[in-house]
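The values are calculated or read from the model by the stated rules, or taken from the named source; none is laboratory data. Only a predicted model underlies this, so the values are computations on that prediction, with no experimental measurement involved. Glycine also receives a Cβ, built like all others from the backbone with ideal geometry; neighbour counts cover every protein chain displayed. Ligands, DNA and RNA are stripped out before the accessible areas are found, and what is left, the full protein with its side chains, is counted by its heavy atoms. Shrake-Rupley method; radii C 1.70, N 1.55, O 1.52, S 1.80 Å.
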Amino acid sequence: KRMMLCGACLLIIQALPAQTGAGLDPKLPGYFQLRSDQLKQYERSLLPKMNQYKQAADELADFGDHTAWVAHREANGLAEIHENWADLMFVISGEATLQVGGTLDSPFVESPGELRAPLATGGTTRVLREGDVANVPAGVVHRFLVRDGSQITFFTMKIANATIRKLSTTVTNEP
């Protein structure tokens, strides 16, 4: 399952429009591809941009109804809710625990439709490692918990007004 989901994320990444000039193909206007080594280069480029929360992010592309980002964290993040955006994340490197669900403690409005809080109560946790893929639906509390001395770098496709639809076929690990 992991390989199929990782493949899906790489297809999404390959569909990014050209923003930087690298990876352009004049035969395919709008086509842009990021190789795994290029994604890891973003990790190094984000290090000098880290804020007081020991995190940094760069928007790679804006498609209108979805945006592509690369983010790096070296400490626990704020708990957050995106009211109108789902987060589809692919871990480039590192490891962190993703707290999902629950409620925000002492929330504040970061920007329209974006709530943040220092902590979240309840929910469940899942460990994310290099190569893992996770989807957090719009309106769901989530927060990265990063152990001291650890880091996580991840690609995120933020998808507007995403709805959950069940696939009509079952995916297995069998060939």
Notebook entry, point to check: What is the residue count in segment 63-91 for residues that are in a strand (DSSP E or B), open to solvent by 20 Å² or more (accessible area, probe 1.4 Å) and under 18 Å from residue 130 (Cβ atoms)?
Noted result: 4
Next item on the list: Go through segment 75-117 and count every residue that is farther than 21 Å from residue 153 by Cα and aromatic (Phe, Trp, Tyr).
Entry: 1
Item checked: Which listed residue is on the phi > 0 side of the Ramachandran plot and not in a loop (DSSP other than H, G, I, E, B), from 94, 139 -> 94
Next item on the list: Test each condition in (1) without any contact (Cβ under 8 Å) to a residue 12 or more places away in the chain; (2) assigned to a strand (DSSP E or B) for residue 60 and report the one that comes out false.
Entry: (1)
Next item on the list: Might you let me know whether segment 137-153 holds any residue that is within 24 Å of residue 60 (Cα to Cα) and open to solvent by 50 Å² or more (accessible area, probe 1.4 Å)?
Entry: no
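Name the single residue, out of those in segment 101-115 being in a strand (DSSP E or B) and open to solvent by less than 40 Å² (accessible area, probe 1.4 Å), that is modelled with the highest pLDDT.
Within segment 101-115, the first condition is being in a strand (DSSP E or B), and the residues that meet it are 103-105, 108-111, 114-115.
Applying the additional criterion that residues be open to solvent by less than 40 Å² (accessible area, probe 1.4 Å) yields 104, 114.
Details: 104: 96, 114: 93.
Step by step, filter segment 101-115, then rank; the result is 104.
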